[in-house]
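Below is one structure, written out as structure tokens; comments come after it.
The values are calculated or read from the model by the stated rules, or taken from the named source; none is laboratory data. Note that the coordinates shown come from a computational prediction; the quantities given were computed from them, not determined experimentally. Here the Cβ positions follow ideal geometry from the backbone for every residue, glycine too, while neighbour counts run over all protein chains shown.
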Amino acid sequence: MQGHVQDINKFTLQPPQSTYMLATVQVKAQQPRNYTFSMNSTVPPSTDASTVMQRGDEVNTVLRMLTDLQTSSVILTGDSGVGKSMLAALLYSRLELTAQAGLPAPRHFVWLSVGAYTTLPDVIASILSGIHVHDPGFFLLGPEQQVLTLLRALRRPREPALVVLDQFEGLLNPETHQILEGQGEIPLF
């Protein structure tokens, strides 16, 4: 068994199937879990039509922006409480339904609501997990390499992703709009 190392933390112990063989337990390897540490939420708010105005014109406008070949991202800005998060949730829901119908849509859907203690590396790692890119040494990389890893993952051909970063402004200094100190600042970011 020399040269073959396994992380014991990836295994779970199952109760024995027989009371006669208590020394025998089944070991099952866990599947990689999505990394979402310090995120307030990884699912969008409800967009139930009975309680939420569907804002069809606005959703269609953002969809047109996203389907423009020259557009790689859309940023929704506005005052607190005007409905940016709900508009993003409606867009997310519409694109999920589109994908379920077998129509052209993103392959990956990632919703992250930034928490009070979220750092930029947390956000990047959560996005990577959401688009099924697992790098066990991610947190050993420098900030620039973490961003490059994310960019490479997001630029994969035939792997389009819708990534919603809700409450992203929580990572920014309200006066300078730069990443807050201690939240994972990256030079020239």
Check: (1) of a type in the set (D, E, K, R); (2) in contact with a helix residue (DSSP H, G or I) (Cβ under 9 Å, 6 or more places away or on another chain); (3) under 21 Å from Phe168 (Cα atoms): which one isn't true of Asp79, the others all being true?
Finding: (2)
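Given the structure, is Gln146 out of contact with any Lys or Arg (no Cβ under 9 Å at 6 or more places or on another chain) and modelled with pLDDT of 95 or more? Show your work before the answer.
Numbers: out of contact with any Lys or Arg (no Cβ under 9 Å at 6 or more places or on another chain): yes; modelled with pLDDT of 95 or more: yes.
Answer is yes for this residue.
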Check: Just wondering, is there one or more residues in the stretch 162-181 that are at pLDDT 90 or above and polar (S, T, N, Q)?
Finding: yes
Item checked: Spans of helices (runs of 4 or more DSSP H) in the stretch 47-146 with at least 2 residues of a type in the set (Ser, Thr, Tyr) and surrounded by 16 or more Cβ atoms within 10 Å (Cβ to Cβ) -> 84-100, 120-130
Next item on the list: For Thr42, indicate whether it is in contact with a Phe, Trp or Tyr (Cβ under 8 Å, 6 or more places away or on another chain), modelled with pLDDT under 95 and under 27 Å from Leu180 (Cα atoms).
Entry: yes
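Would you mention how many residues in the stretch 43-61 are in contact (Cβ under 8 Å) with a residue 60 or more places away in the chain and touching a helix residue (DSSP H, G or I) at 6+ places or on another chain (Cβ under 7 Å)? Break it down stepwise before answering.
The first filter runs over the stretch 43-61 and keeps only residues in contact (Cβ under 8 Å) with a residue 60 or more places away in the chain, leaving 43-44.
So of that shortlist, the ones also touching a helix residue (DSSP H, G or I) at 6+ places or on another chain (Cβ under 7 Å) come out as 44.
Selection size over the stretch 43-61: 1.
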Next item on the list: Scan the stretch 147-175 residue by residue and report those that are among the basic types (Lys, Arg) and surrounded by fewer than 10 Cβ atoms within 10 Å (Cβ to Cβ).
Entry: Arg155, Arg158
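Can Pro32 be described as modelled with pLDDT under 95 and not in a helix (DSSP H, G or I)?
Values: modelled with pLDDT under 95: yes; not in a helix (DSSP H, G or I): yes.
Criteria met by Pro32.
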Checklist line | Condition check for Ala99: under 29 Å from Thr67 (Cα atoms) and either over 12 Å from the mean Cα position of the chain (by Cα) or not β-branched (Val, Ile, Thr) (or both) | finding: yes
